[in-house]
Amino acid sequence: AQPLRRDLHAAAHEALRALRYEHHPSKQILVQWKREQEQLNEQRYDTFLYSGEALNVPEVPPRYSESSPSVYGFEILNACFDAAFAREPRLVAFGEDVGRLGDVNQGFRGLQEKYGEYRISDTGIREATILGQAIGLAMRGLRPICEIQYLDYLLYALQIMSDDLATLHWRTAGGQKAPVIVRTRGHRLEGIWHSGSLMAGLIHLVRGMYVCVPRDMTRAAAFYNTLLKAEEPAVVVEVLNGYRIRERMPENIGEITLPLGVPEILRPGEDVTLVTYGACCRIALDAAEKLHQVGIDVEVMDVQTLLPFDRPGRILESLKKTNRILFVDEDVPGGTTAYMLQEVIEKQGGYYWLDSPPRTLPGKAHRPAYGSDGDYWSKPNAESIFNAVYEMMHEVNPQKYPSLY
């Protein structure tokens, strides 16, 4: 019987250990063979997780004029979806309350009446079959947007997302694809079951899908347009408390796109780099203004997508300037903030640029407690972000930044 590849490589490794002090030409032949085989086996077993098609969609920034109206966030999405359904005949959308009601936050308002019940439809309360339905439609050439009403409820569909959808392109060596767009909403609001931020569980279980975390509805619309120009599966997590916040309507709402894996600097600074996403962006900017008033200059960065994460290394470039970094989000301790820390400090080499220990400021280990006060003490707020940054600067210069309490 032919030996397994793993047995050959284990034997080669054993030989190289025994020959570690030798410089014989035959050793170099073995080293060269092992390197070549490592590359071949990486191609055999570790490719096709993504096709990468979505990463090549060029950016189209929003275009405004003096007459561009200020509208609610849900109206931004409504205009985006209207334009998408008009240009893409394969596009369908479905989920709980998506059809007749136009979804619970009105992103699809009036679109079922305009495009018909076959293209925009309601489902029962059954997240697993909503996702299964989307996979089947996508594999047959349609472009489904399946809505899971809240991020918390994604747990009911996570097994199918992880086992069936995220792995499809990889386990078929690129032979099959299912470009499902999973639309959901979460993060900061109020209530145990409707304001979760279960991001670490998501990003660790759906490798093979993209995970977009837009801070507002203009960025969400741009991500939908980007994803519809490619054929890869993705999750878009909209900010739950952003639908009634006003944004300017882009004149090219049906055309705007946003590159995946490219962070944006929301506020430049010199003292500390603050990395966050989603609903925490507005809170981080509020904290940054309060810190500015006491002489601390914070650079606030929105990662925009968690999968992929900072492809051009923009966060590292910021860290090279500030030499201090804080990761903030609403997930549990050791969750997505720890993931972001590893990406920057270990993978990007940020460790070599640190003058202070890197810090994380996540939410609490439990679900968000009830009410506005429960939210305040369950997740980072402007004051806790202020304190975390201020403590870092107090360590640097206790006289200039004395303890607050």
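Just so it is clear, none of the values below were taken in a lab; they were calculated from the coordinates. Keep in mind that this is a model prediction, so the values were computed, not measured. Because the Cβ atoms are built from the backbone with ideal geometry, glycine has one as well, and the counts that use them run over all protein chains shown.
Points to keep in mind about this one:
- Annotation for Ala18 and Asp373: the two label points, set 7 Å from Cα along the Cα-Cβ direction, are 7.3 nm apart.
- Amide N of segment 371-386 lying under 15 Å from the label point, which is placed 7 angstrom from the Cα of His292 along Cα→Cβ: none
- In this label model, Lys347 and Leu8 are separated by 3.1 nm, measuring between points 7 Å along each Cα→Cβ vector.
- Shape class for segment 137-247, computed from the alpha carbon gyration tensor (a ≥ b ≥ c): oblate, with a/c not under 1.5 and a/b at or below b/c.
- Here segment 340-355 is scanned for amide nitrogen atoms under 18 Å from the site 7 Å beyond the Cα of Asn323 along Cα-to-Cβ, giving 345, 349-355.
- Sparse packing (at most 16 other Cβ atoms within 10 Å of the Cβ) combined with a DSSP loop state is found for the following chymotrypsin sites (Phe, Trp or Tyr not before Pro) in segment 62-95: Tyr64.
- Going from the residue with the fewest nearby Cβ atoms within 10 Å to the one with the most, Trp377, Trp353 rank Trp377, Trp353.
- Relative contact order for the chain, counting Cα pairs under 8 Å that sit 6 or more residues apart, in percent: 15 percent
- Extension gain for His394 to Ala86 (0.36 nm times residue separation, less C-alpha to C-alpha distance): 105.3 nm.
- Length added when fully stretched, Glu264-Lys364, from 0.36 nm per residue minus Cα-Cα: 33.4 nm
- Taking the fewest neighbouring Cβ atoms within 10 Å as the starting point, the ordered list for Asp46, Asp103 is Asp46, Asp103.
- Sorted by Cβ neighbour density within 10 Å, fewest at the top, the residues Leu354, Leu198: Leu354, Leu198
- Low-density loop cleavage sites - trypsin sites (Lys or Arg not before Pro) in segment 1-53, where at most 12 other Cβ are within 10 Å (DSSP): Arg20
- Computed over the chain, the per-residue total of -39500 (n - 2.57) for DSSP H runs of n ≥ 4 gives a 222 nm mean residue ellipticity of -10500 deg cm²/dmol, rounded to 500.
- Here the alpha carbons of the chain define both size measures, Rg and Dmax, at 23.8, 77 Å.
- Percent antiparallel among DSSP beta bridges (both partners in the chain, rounded to 5): 20 percent
- Near the amide H of Thr257, within less than 5 Å, lie the amide hydrogens of Val60, all on another chain or at least 5 residues away, with H placed in the peptide plane.
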